[in-house]
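Read through the structure below, which is laid out as structure tokens, and then see the notes.
The values are calculated or read from the model by the stated rules, or taken from the named source; none is laboratory data. All values reported here derive from a predicted model rather than from experimental measurement. A quick note on method: Cβ atoms are made from the backbone with ideal geometry, for glycine too, and the neighbour counts reach across all protein chains shown.
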Amino acid sequence: MTDQAQVIPASGPAIGMEAPPRPQVVPVKGLPIVAILVVALVICIAEDWRWGLDFFHVAGGALWTSIDLFVGLAIGPILGRLSIPARAEFSARFMPKMVLIMPTVVLLTLAAGFQLALKLHNLDASSPNHTWLLASFVIVGVMAVIALGVLEPANIAVLFEMRKPQPNGEIIGKLMRRFVYTAGILGVMQIATVVIMTRVATQ
Amino acid sequence: MTAPVESQPTESLSRRLPPVAELTVASLVLVVVGGIFMASYFPRRPPLAVPISLFIASGILVVVGMVMLSQVHDFAWQTFTLVGRWALLAYVLQAGMIEYAFVRNHASGAPLVVVTLLLLLFAVDPPLIISFTVARYQST
């Protein structure tokens, strides 16, 4: 992470940098897919359908963890070492997808997981999993604050900056540094989530 | 594709604005703590003094942030409103989903009211942070 901070210039706009393609902040084509998934989740919760709840929690959780780990520990450090023009061009294509994918995956995982925990009585104070679930709540809470309070605003601000006729390299660099650091922290925290969830599943 | 990235001085980076994002993140922290507290007791009835206190403190932080922001001149209000509106829609849907999960599992009475109030702030905080972060770098 220290290397990334050194690579990104602390000041000075990227003069003469080529503007990346003007990104769409929210990929509208993906919205129907999100709507279908959310409706399916509502049906699963309403019907208390165990298979569906398991599917959304396991598949959503696997995606969430994998994406956070991969973005935080693989893509992030690579992104931090790219030049600002290369980073801007990559982000213009990558970030709109993240704007749609991550909130959806998180919503599916958490809502299905909460319903499953109630259904399986894992939230009961007498359950051996109760303390583990509280620990996972705390971890998810910290991750939510980092993601909603720092990462996502930076992500969307980068997209808006890149939609300008002349994007400012310094602003993009500053916001991307925020993205790279927070993605790294989230990736590491996901390891704790995996440890807790595998423990809960086998207890 | 070929337009050069701006080479003018970055006023928006050096400009001092009230700590709206910091206050709202602090508000979000309190809401999340309140939510975890409520969820950790569910389906039992939790003691409500702690989450109500967290809600009040969180609400005060948001209101202070909004008041401070309202006194800023030369701010990209149009962008702030545009982004805030869409982000609010997204987070109202998310909060609605969480509310539904509680209602579906027979939450009722005062605990449900407290959950709803916390979710109200949960729906407001991220859009405020996002729209402020975006608007601060936009020209008026």
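Does A:Ile191 qualify as being farther than 20 Å from A:Arg81 by Cα and modelled with pLDDT of 85 or more? Before you say what the answer is, go through the steps one by one.
Details: farther than 20 Å from A:Arg81 by Cα: yes; modelled with pLDDT of 85 or more: yes.
The answer is yes for A:Ile191.
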Problem - From B:Leu61, B:Leu48, B:Leu119, B:Leu128, residue being surrounded by 15 or more Cβ atoms within 10 Å (Cβ to Cβ) and more than 15 Å from the chain's Cα centre (by Cα) - result: B:Leu48
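Working only within the stretch B:64-88, note down all residues that are of a type in the set (S, T, N, Q), surrounded by fewer than 17 Cβ atoms within 10 Å (Cβ to Cβ) and part of a helix (DSSP H, G or I).
Step one: filter the stretch B:64-88 for residues of a type in the set (S, T, N, Q), giving B:70-71, B:78-79, B:81.
Within this subset, residues satisfying the condition of being surrounded by fewer than 17 Cβ atoms within 10 Å (Cβ to Cβ) are B:70-71, B:78, B:81.
Passing the criteria: B:Ser70, B:Gln78, B:Thr81.
Quick one: in the stretch B:99-140, which of the residues that are among the small types (Gly, Ala, Ser) and not in a helix (DSSP H, G or I) is farthest from B:Leu30 (Cα to Cα)? Give the steps one after another, and end with the answer.
Within the stretch B:99-140, the subset among the small types (Gly, Ala, Ser) is B:101, B:107-110, B:123, B:131, B:135, B:139.
Going one step further and asking which of them are not in a helix (DSSP H, G or I), we end up with B:107-108, B:139.
Values: B:Ala107: 21, B:Ser108: 22, B:Ser139: 32 Å.
Here the answer is B:Ser139.
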Practice task
For the stretch B:97-108, enumerate the residues that are in contact (Cβ under 8 Å) with a residue 12 or more places away in the chain and not aromatic (Phe, Trp, Tyr).
Solution key: B:Ile98, B:Glu99, B:Asn105, B:His106, B:Ala107
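Could you list all residues from the stretch A:126-139 that are among the β-branched types (Val, Ile, Thr) and either at the interface with another protein chain (Cβ under 8 Å from one of its Cβ atoms) or crowded, with 20+ Cβ neighbours inside 10 Å (or both)? Even if it seems obvious, please write down each step before you answer.
So the first thing to find is which residues in the stretch A:126-139 are among the β-branched types (Val, Ile, Thr), and the list is A:131, A:138-139.
Hit for the stretch A:126-139 is A:Val138, nothing else.
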Problem - Complete set of residues in the stretch A:159-177 that are outside any helix (DSSP H, G or I) and facing chain B (nearest Cβ under 7 Å) - result: A:Pro165, A:Gln166, A:Pro167, A:Asn168
Practice task
With respect to B:Tyr100, determine if the residue is at pLDDT below 90 and hydroxyl-bearing (Ser, Thr, Tyr).
Solution key: no
Handout entry: Subset of the stretch B:99-114 (residues that are buried (at least 19 other Cβ atoms within 10 Å of the Cβ) and either basic (Lys, Arg) or touching a Pro at 6+ places or on another chain (Cβ under 8 Å) (or both))
Key = B:Ala107, B:Pro111, B:Val114
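Return yes when A:Gln190 is assigned to a loop (DSSP other than H, G, I, E, B), in contact with a helix residue (DSSP H, G or I) (Cβ under 9 Å, 6 or more places away or on another chain) and away from chain B (no Cβ under 12 Å) and no when it is not. Lay out the reasoning, then the answer.
Details: assigned to a loop (DSSP other than H, G, I, E, B): no; in contact with a helix residue (DSSP H, G or I) (Cβ under 9 Å, 6 or more places away or on another chain): yes; away from chain B (no Cβ under 12 Å): yes.
Spelling it out, it is not the case that A:Gln190 is assigned to a loop (DSSP other than H, G, I, E, B), in contact with a helix residue (DSSP H, G or I) (Cβ under 9 Å, 6 or more places away or on another chain) and away from chain B (no Cβ under 12 Å).
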Fill in the blank from the handout: Exactly one of A:Leu148, A:Leu123, A:Leu118 is within 7 Å of another protein chain (Cβ to nearest Cβ), without any contact (Cβ under 8 Å) to a residue 12 or more places away in the chain and in a loop (DSSP other than H, G, I, E, B), and that residue is A:Leu123
Problem - Conditions (1) buried (at least 21 other Cβ atoms within 10 Å of the Cβ); (2) within 11 Å of chain A (Cβ to nearest Cβ); number of the one not met by B:Gln138 - result: (1)
Completion exercise
How many residues of the stretch A:57-96 are closer than 30 Å to A:Gln166 by Cα, free of Cβ contacts under 8 Å to residues at least 40 places away in the same chain and of a type in the set (Val, Ile, Thr)? The answer is 1
Handout entry: Selected residue [more than 8 Å from every other protein chain (Cβ to nearest Cβ), under 19 Å from A:Gly72 (Cβ atoms) and either of a type in the set (A, V, I, L, M) or in a loop (DSSP other than H, G, I, E, B) (or both)] from A:Ile156, A:Ile185
Key = A:Ile185
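Taking the conditions exactly as written (modelled with pLDDT of 95 or more, facing another protein chain (nearest Cβ under 9 Å) and in contact with a Leu (Cβ under 8 Å, 6 or more places away or on another chain)), does B:Val64 satisfy them or not? Working first, answer last.
Values: modelled with pLDDT of 95 or more: yes; facing another protein chain (nearest Cβ under 9 Å): no; in contact with a Leu (Cβ under 8 Å, 6 or more places away or on another chain): yes.
Spelling it out, it is not the case that B:Val64 is modelled with pLDDT of 95 or more, facing another protein chain (nearest Cβ under 9 Å) and in contact with a Leu (Cβ under 8 Å, 6 or more places away or on another chain).
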Handout entry: Qualifying positions in the stretch B:7-29 - at the interface with chain A (Cβ under 10 Å from one of its Cβ atoms), in contact with a helix residue (DSSP H, G or I) (Cβ under 8 Å, 6 or more places away or on another chain) and either part of a helix (DSSP H, G or I) or modelled with pLDDT of 85 or more (or both)
Key = B:Ser12, B:Leu13, B:Ala21, B:Thr24, B:Val25, B:Ala26, B:Ser27, B:Leu28, B:Val29
